[in-house]
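What follows is one structure encoded as structure tokens, with my remarks underneath.
What follows is calculated from the coordinates using simple rules that are stated; it is not laboratory data. Source: prediction; values computed, not measured. No Cβ is skipped: glycine too gets one built from the backbone with ideal geometry, and neighbour counts run over all protein chains shown.
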Number of protein chains: 2
Amino acid sequence: MTNPKSDRVRAVRALAQASVRARRGQFLVEGPQGVREAVRFAPEQVRDLYLTVDAAQRYPEITDAAESVSLHTHLAAPEVLAAMSDDAQGVVAVLRHRAVGTDEVIAARPQLVALLHHVRDPGNAGTVIRAADAAGADACVLTHGSVDVHNPKVVRSTVGSLFHLPTATGADLAETIALAREAGLQVLAADGSGDHDLDQLADAAEVTVAGGAAQAGDATGAADSTEGPHLARPTLWIFGNEAHGLAGHERDLADAVVRIPIHGHAESLNLAMAATLCLYASARAQRHAHR
Amino acid sequence: MTNPKSDRVRAVRALAQASVRARRGQFLVEGPQGVREAVRFAPEQVRDLYLTVDAAQRYPEITDAAESVSLHTHLAAPEVLAAMSDDAQGVVAVLRHRAVGTDEVIAARPQLVALLHHVRDPGNAGTVIRAADAAGADACVLTHGSVDVHNPKVVRSTVGSLFHLPTATGADLAETIALAREAGLQVLAADGSGDHDLDQLADAAEVTVAGGAAQAGDATGAADSTEGPHLARPTLWIFGNEAHGLAGHERDLADAVVRIPIHGHAESLNLAMAATLCLYASARAQRHAHR
């Protein structure tokens with residue numbers, strides 16, 4: 001492929017637009033890291049794979065992975081890749097949407113889920129998905145009114161994590177909370193107004209786990225029987241809009257509202273930092289409980 | 001002030017350029033939150049304060065704070081503010097640089113310091129300064145070759161934290177480490193290649209603190225006498241470039257290299273997320289030790 005003005009190139013480029021993505025049920029993954037993870041973790045979604053000759057040589061792990069799942073690789077001129085995306089770095093993939101339902105996510109009996117409610121900034125949403133992946137969460141959920149998870153900026157800022165864990169979209173907040181609760185998850189809302197301090201919950205989790213483990217040899221039992229929020233329990237975390245947080249009636253839907261301690265003069269942390277701390281605190285407590 | 005094309009307006013706008021900032025020794029703070037914190041925490045640096053009539057009414061805390069330190073407030077037309085900055089939201093301040101030396105920062109016997117080495121992205125640098133503030137760190141240090149801390153994007157993403165804690169710039173990495181060590185700080189480098197896992201250090205800190213407190217009634221003593229890194233000790237954290245991390249010889253300068261556990265398939269966390277987790281882990285261990 002050498003013509004950067006061909007219909008095919010235009011069609012790929014057009015996936016930068018939400019309306020085109022929705023109509024075709026496709027989206028774009030740009031750059032070697034994202035494409036590599038897509039080919040490895042979601043090969044059934046990959047429709048087309050474009051690389052420059054240079055990139056094919058530089059990233060044999062991509063072409064090898066593509067070959068091992070019988071994906072055809074299109075070699076294309078650097079101008080073609082540049083015309084497809086400003087962030088291609090020589091590698092682009094077109095993927096089919098894969099709709100994941102909230103019920104599907106919850107039916108898998110997850111231990112840790114991150115829910116993003118009305119999160120609008122692509123970088124924030126992508127970064128929280130990446131944090132959820134790193135913390136070992138089982139899934140992410142985005143409510144209706146959040147940014148399109150297939151927005152190229154979201155996809156880029158997940159750095160492949162979008163393909164590592166199921167991400168349900170278009171969810172209803174109250175319905176998701178009800179489903180999660182039925183499945184035995186506690187629902188914690190992260191908010192600066194919270195009654196519970198994240199560090200104090202972490203302290204309490206350690207004490208309960210230590211006590212439970214010593215007495216019964218099963219720390220999770222101790223965690224389950226505790227009144228109030230407990231970080232070691234299976235948890236759905238709710239993170240609100242980056243500017244406005246969660247409304248009062250939304251916080252009221254949660255079992256508990258948790259704030260991150262602010263020791264200095266900062267008014268708050270940003271969404272991605274707060275989510276990272278919350279998810280890692282849960283991951284740590286859950287891992288201790290199962291040790 | 002009604003003329004958006006006046007020399008004064010142009011002079012304010014020009015502070016978006018690094019060369020102009022350096023020549024004049026001034027920088028720009030945009031938006032109500034940043035300006036409020038500048039007036040509250042660094043009034044001696046504020047040279048000029050510009051607000052629309054609307055903003056002056058909407059943010060009385062800014063005009064009140066300015067008045068209480070005898071700062072004159074210039075009322076200006078919305079067009080004037082818009083011409084000064086695209087992110088003014090009706091409020092802009094021009095501040096004088098205040099040079100903070102690394103020796104000054106270390107001489108204050110800090111408990112927790114964040115050092116950014118060759119961090120180039122303004123948003124990342126600003127977010128780490130904000131995280132350091134929230135975690136209760138005493139200071140930040142940026143080495144020579146890092147982004148200009150007075151870059152408007154850095155200032156904006158600190159959301160006022162730049163005025164809450166001293167931030168030394170243009171530092172030399174090896175010199176800063178030597179100074180910190182002389183002052184009794186341990187030096188921890190955050191890097192995915194680390195021998196030490198942050199969660200395991202947190203576990204160890206809890207055990208030592210509990211033991212030390214029970215035996216000697218002074219948990220810090222126990223922390224100080226421990227071999228190897230200990231999160232409760234006074235600490236200088238080193239965070240490297242967002243894309244390349246720290247070089248081997250840079251990591252070797254630290255007392256220990258600490259990695260954040262990755263439980264899922266993510267390859268890494270981004271700089272701001274990693275720094276937030278490290279700084280909060282230190283803050284928590286230090287606070288436990290002093291309880």
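General observations
- P(r) tail fraction, the protein assembly as shown - alpha-carbon pairs more than 30 Å apart, %: 57
- Remark: segment B:7-96 carries a charge dipole of roughly 460 debye about the Cα centre, counting +1 on each Lys and Arg Cβ and -1 on each Asp and Glu Cβ.
- Placing a label point 7 Å from the Cα of B:Gln200 along the Cα-to-Cβ direction, the distances to the matching points in the other copies come to 3.3 nm, shortest first.
- Dipole magnitude of chain A, debye to nearest 20 (Cβ charges: Lys/Arg +1, Asp/Glu -1, about Cα centre): 1060
- Dipole of segment A:7-96, positive end: most advanced residue of A:Ala38, A:Leu51, A:Ser68 [Cβ charges, Cα centre]: A:Ala38
- The mean sequence separation of alpha-carbon pairs under 8 Å and at least six residues apart, normalised by the residue count of segment B:102-289, gives a relative contact order of 29 percent.
- Note on B:83-95: average number of Cβ atoms from other chains within 10 Å of each residue's Cβ is 0.
- FRET efficiency, B:Arg23 to A:Val53 (Cβ-Cβ, R0 60 Å, nearest 0.05): 0.80
- For B:Val100, the residues whose amide H sits under 5 Å from its own are B:Thr169, ignoring neighbours fewer than 5 places away on the same chain, with H placed 1.01 Å from N.
- Straight-line reach from A:Lys153: taking Cα to Cα under 19 Å and skipping same-chain neighbours fewer than 8 places apart, the aspartates and glutamates in range are A:Glu30, A:Glu37, A:Asp86, A:Asp87, A:Asp121, A:Asp133, A:Glu242, B:Asp121, B:Glu242, B:Glu267.
- Calculated [222 nm] ellipticity per residue, helices only, for chain A: -13000 deg cm²/dmol; basis is -39500 (n - 2.57) per DSSP H run with n ≥ 4, divided by all residues, nearest 500.
- Prolate/oblate/rounded call for segment B:102-289, Cα gyration tensor, a/c under 1.5 rounded: prolate
- Most fluctuating residue given options A:Leu15, A:Leu236, A:Leu71, as computed from a GNM of chain A linking Cα atoms under 10 Å: A:Leu71
- Using θ = phi - 60° and Karplus 6.51 cos²θ - 1.76 cosθ + 1.60, couplings along segment A:75-92 (whole Hz; Gly, Pro as x): 8, 9, 5, x, 5, 5, 4, 5, 6, 6, 7, 6, 10, 6, 6, x, 9, 9
- Axial C-alpha extent at least 20 Å, average Kyte-Doolittle at least 0.0 - helices from chain B (DSSP): B:198-216, B:271-289
- Less than 5 angstrom separates the built amide H of B:Ala256 from those of B:Val187, B:Ala189, all sequence-distant by 5 or more or on a different chain.
- Here A:Gln17 yields copy-to-copy label distances, from shortest upward, of 3.8 nm, the label point defined as 7 Å from Cα along Cα to C-beta.
- Annotation for A:Arg58, label-to-label distances across the other copies: 4.5 nm (shortest first, one decimal, point 7 Å from Cα along Cα→Cβ).
- In this structure the amide hydrogen of B:Gln26, modeled in the peptide plane, comes within under 5 Å of the amide hydrogens of B:His97, none closer than 5 places in sequence on its chain.
- Remark: mean inter-chain Cβ contacts per residue of A:193-201 equal 1, using a 10 Å Cβ-Cβ cutoff to other protein chain atoms.
- Counting Cβ atoms of other protein chains within 10 Å of each residue's Cβ and taking the mean over peptide A:253-266 gives 5.
- nm² value of the averaged projected area, convex hull over the Cα atoms of segment B:1-144: 9.3
- Segment A:109-172, dipole about Cα centre (Lys/Arg Cβ +1, Asp/Glu Cβ -1), debye to the nearest 20: 120
- In terms of packing, defined here as the mean over residues of other Cβ atoms within 10 angstrom, the peptides A:144-157, A:182-195 line up highest first as A:144-157, A:182-195.
- Per-residue HN-Hα couplings for segment A:102-111 [Karplus 6.51, -1.76, 1.60; θ = phi - 60°; Hz; x = Gly/Pro]: 4, 4, 4, 4, 6, 4, 6, 6, x, 8
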